[in-house]
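Engineer: This structure is in structure tokens; I'll ask about it shortly.
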Amino acid sequence: MKVLVVGSGGREHAICWKLSQSPKVQELYCAPGNGGIASVAKCVNVGATDVDGMVSWARENAMDFVVVAPDDPLAMGMVDALEEAGIPAFGPRKNAAIVEASKAFSKALMEQYHIPTAKSGTFHDLDSALKYIEQQGAPIVVKADGLALGKGVTVAQTEDEAKLAAAEMMEGRKFGDAGTTLVIEECMTGPEVTVLAFVDGEHVSPMPPSQDHKRAFNGNRGPNTGGMGAITPPPQYTPEIAQRCMDEIFLPTVQALKAEGRPFHGVLYFGLMLTPEGPKVVEYNARFGDPECQAVLSLLDTDLLDIMLACRNGTLDQCDIRWRDGAACCLVLASGGYPLSYQKGYPITGLEEAGKTSMVFHAGTKLGPEGEVLTNGGRVLGVTCTAANLEDAIEASYEAAKHISFKDMHMRTDIGHAF
Ligand code: AMP
Ligand code: GLY
């Protein structure tokens, strides 16, 4: 089959790497891809949010299957457009991708179907938002309704901080249209865990649980980032908790979406908080998480293409999905200054040496004129190792990362030990 993957980050590199192992994949393309993806797939110069351009390219080049990995094109309806053009695609349609694209939608769904989550209110005007903050008191969490690159959430320790965040989002239009509706919710406590699950509209197959490290600096300090590292499995996610999540969260969510006429096909991301009252949903995403994807897919033992086709075709219950025992760690190497301001275009050394003991997934890289690898984003690389246990996987990632350097390189030194 000829397969196209849409996107350009570490997640897409991991997906391409895994798909390239499938005997059924004869030709693999990635749009737009990056410097590392170029070693496993042919990079295509079409932007990830160019829906018409992507459909035209896929049609003209006779793609048999297109995997839409990032949130924006999913929310824009790229899967719908591809399917309408007769090209089978992996990922939710627009009416199901809304679980990520609108937090107000997700909260209403969870409330209606009694899926455990933080108590919240949804607001369309600032006055009522401010009143609610006063009534509830701090700490309190203020969220922009729409997609804001993971930055639209303020966990406010004081009422003033919450009110300022609400005003900046609604009146200051800090996140544009994404902040014209706000969700304001109770502040939950407990470890955070990610569960990615394959979903085919009806059946759910959870992948091994994982844990992201969202803050820029050690000790979970500093600004929120796209993710500075991920491990699988997090020790806090016991088999008992897994069973509760399946019964109280995963199956009810998939059934709710089906009942609403929005069947979800693709990867559903459950952002969970293990609170003293039990697991609750922090957020849904409509896709693989990044960097979680890099760690989790490293443990997949069966054919990813088969699973993706089964998600699209509604046959997940007949699909052979096996995971290797053991653990994995993905350590993100970022540009100094990320997520605020940072420089790009620096040469990266040591990739070959690091690659002898790890999978180095590229997130923000590009190839220079002589084929040299240059930094090209905030998150640059995801150094990913598997091992029999978590401690060994973490240590192996740090050992491999020692070989890599570029100007102003930044990493956290406590991945896997911060919670
Ligand atoms: P989200 O984009 O909804 O995942 O939120 C980003 C981060 O904010 C989460 O990963 C949590 O660490 C934090 N957060 C979101 N909602 C809550 C909540 N209700 N209580 C405590 N922390 C939260
Ligand atoms: N790692 C968080 C996300 O992908 O949204």
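Engineer: Which FRET efficiency, nearest 0.05, do Glu391 and Cys187 yield, Cβ-Cβ r, R0 25 Å?
Structural biologist: According to the calculation, E is roughly 0.20.
Engineer: I would also like to ask the following. Given +1 on the Cβ of Lys and Arg, -1 on the Cβ of Asp and Glu, and no further charges, what dipole in debye does segment 120-182 carry about its Cα centre, rounded to the nearest 20?
Structural biologist: Around 220 debye, computed over segment 120-182.
Engineer: Given springs between every Cα pair under 10 Å in a Gaussian network model of the chain, which of Asp212, Asp392, Asp320 has the largest fluctuation?
Structural biologist: In the Gaussian network model the winner is Asp320.
Engineer: In the Gaussian network model of the chain, springs joining C-alpha atoms below 10 Å, which of Cys330, Cys187, Cys311 carries the largest mean-square fluctuation?
Structural biologist: Comparing Cys330, Cys187, Cys311 in the GNM, the peak value goes to Cys187.
Engineer: Here's something else I'd like to know. How about Lys163: which lysines have a C-alpha closer than 29 Å to its C-alpha, ignoring those fewer than 8 places off in the same chain?
Structural biologist: Output for Lys163: Lys103, Lys107, Lys119, Lys131, Lys143, Lys151, Lys174, Lys214, Lys280.
Engineer: For Asp306, Asp247, Asp71, Asp80, what's the fewest-to-most ordering of other Cβ within 10 Å of each Cβ?
Structural biologist: In order of increasing Cβ crowding within 10 Å: Asp247, Asp306, Asp80, Asp71.
Engineer: How large is the charge dipole for segment 48-114, taken about the Cα centre, if only the Cβ atoms of Lys, Arg (+1) and Asp, Glu (-1) carry charge, to the nearest 20 debye?
Structural biologist: For segment 48-114, the charge dipole is close to 260 debye.
Engineer: Same structure, new question: Among Ala108, Ala334, Ala259, which one shows the biggest mean-square fluctuation in a GNM of the chain, springs joining Cα atoms closer than 10 Å?
Structural biologist: Ala259
Engineer: For the chain, give the magnitude of the charge dipole about the Cα centre (Cβ charges: +1 Lys/Arg, -1 Asp/Glu; no others), in debye to the nearest 20.
Structural biologist: It works out to roughly 540 debye.
Engineer: Counting only C-alpha contacts under 8 Å and six or more residues apart, can you give the relative contact order of the chain as a whole percent?
Structural biologist: Answer for the chain is 16 percent.
Engineer: While we're here: Expressed as a rounded percentage, what relative contact order does segment 1-119 have, with Cα pairs under 8 Å and six or more residues apart?
Structural biologist: 21 percent
Engineer: What full-extension length gain, to one decimal in nm, is calculated for Asp247 and Lys402 as 0.36 nm per residue of separation minus the Cα-Cα distance?
Structural biologist: Residue separation times 0.36 nm, minus the Cα-Cα distance, leaves 51.5 nm.
Engineer: Rounded if a/c is under 1.5, else prolate if a/b is larger than b/c, else oblate: which is the chain, with a ≥ b ≥ c the root eigenvalues of its Cα gyration tensor?
Structural biologist: Because its axes are fairly even, with a/c under 1.5, the chain counts as rounded.
Engineer: Applying 1/(1 + (r/R0)^6) with R0 = 60 Å to the Cβ-Cβ distance of Lys42 and Thr158, what FRET efficiency is obtained, to the nearest 0.05?
Structural biologist: The pair Lys42/Thr158 has a calculated efficiency of 0.70.
Engineer: So if each residue of separation counts as 0.36 nm, and I subtract the Cα-Cα distance between Gln255 and Thr357, what length gain in nm does that give?
Structural biologist: Between Gln255 and Thr357, full extension yields 32.5 nm more.
Engineer: In the chain, with Lys and Arg counted as +1 and Asp and Glu as -1 at Cβ, which of these residues, Thr384, Phe264, Ala156, has the Cα nearest the positive end of the dipole, that is, farthest along it?
Structural biologist: Thr384
Engineer: Assuming 0.36 nm per residue, please report the length gained on full extension of the stretch Lys119 to Lys151 beyond their Cα-Cα distance.
Structural biologist: 9.4 nm
Just so you know, all these numbers are worked out from the coordinates, no wet-lab data involved. Bear in mind that the values here come from a model prediction, so they are computed numbers and not experimental data. With ideal geometry, Cβ positions are generated from the backbone for all residues, glycine too; neighbour counts draw on all protein chains shown.
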